[in-house]
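What follows is one structure encoded as structure tokens, with my remarks underneath.
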């Protein structure tokens, strides 16, 4: 068993719980921008999460030209599911590329001509924890809009999917 593939599988299962919850929201609430969240919406945060995986793992690390996610082009949760299907491919390619080489030095270039030295372990950890940070914000926005979210923590260890 590859630890990172299993970990990402759990993240995808948790994301599915969040997507199902988002499908219960009024479509207008999924895209509603809240001042209390700096003008962000649930859709915009989902797009930001997908774009983080794409930017760090595909563009900056693997040098693959992949388009950035444009939130305004995502109309609903079904569209966002498609965005994440493509993002899942990015993550799988990254995991395949660096399997067993988690401490390999990598230089990442930023658009402002700066660069940094990191490694695949940091990159995969950063992108995965970043998703969970924003998942919490998405749930909080839903609460502010009057919806009761399900438990979106990582899978219950008593479940059969372990």
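Take residue 36 and tell me if it is out of contact with any strand residue (DSSP E or B) (no Cβ under 9 Å at 6 or more places or on another chain), surrounded by fewer than 19 Cβ atoms within 10 Å (Cβ to Cβ), part of a helix (DSSP H, G or I) and free of Cβ contacts under 8 Å to residues at least 24 places away in the same chain. No; evaluated as a whole, the condition is false for this residue.
Within the stretch 44-55, one or more residues are more than 11 Å from the chain's Cα centre (by Cα) and at pLDDT 95 or above.
Of the residues in the stretch 24-33, at least one is farther than 18 Å from residue 149 by Cα, touching a helix residue (DSSP H, G or I) at 6+ places or on another chain (Cβ under 8 Å) and surrounded by fewer than 18 Cβ atoms within 10 Å (Cβ to Cβ). Within the stretch 142-161, one or more residues are surrounded by 14 or more Cβ atoms within 10 Å (Cβ to Cβ), at pLDDT 90 or above and under 21 Å from the mean Cα position of the chain (by Cα).
One residue stands out in the stretch 51-65 among those that are touching a helix residue (DSSP H, G or I) at 6+ places or on another chain (Cβ under 8 Å) and free of Cβ contacts under 8 Å to residues at least 60 places away in the same chain: the one that is farthest from residue 121 (Cα to Cα), namely 65. If you scan the stretch 72-81, which residues turn out to be more than 13 Å from the chain's Cα centre (by Cα), surrounded by fewer than 20 Cβ atoms within 10 Å (Cβ to Cβ) and assigned to a helix (DSSP H, G or I)? Listed by number, the residues that qualify are 72, 73, 78, 79.
Residue-by-condition table, conditions (1) touching a strand residue (DSSP E or B) at 6+ places or on another chain (Cβ under 7 Å); (2) modelled with pLDDT under 95; (3) within 30 Å of residue 31 (Cβ to Cβ):
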position	(1), (2), (3)
84	no, no, yes
89	no, no, yes
100	no, yes, no
104	no, yes, no
118	yes, yes, no
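Given 68, 48, which one is in contact with a helix residue (DSSP H, G or I) (Cβ under 9 Å, 6 or more places away or on another chain), under 15 Å from residue 80 (Cβ atoms) and part of a helix (DSSP H, G or I)? Every option except 48 fails the conditions.
The values are calculated or read from the model by the stated rules, or taken from the named source; none is laboratory data. Bear in mind that the values here come from a model prediction, so they are computed numbers and not experimental data. So basically every Cβ, Gly included, is an ideal-geometry build from the backbone, and we count neighbours across all protein chains shown.
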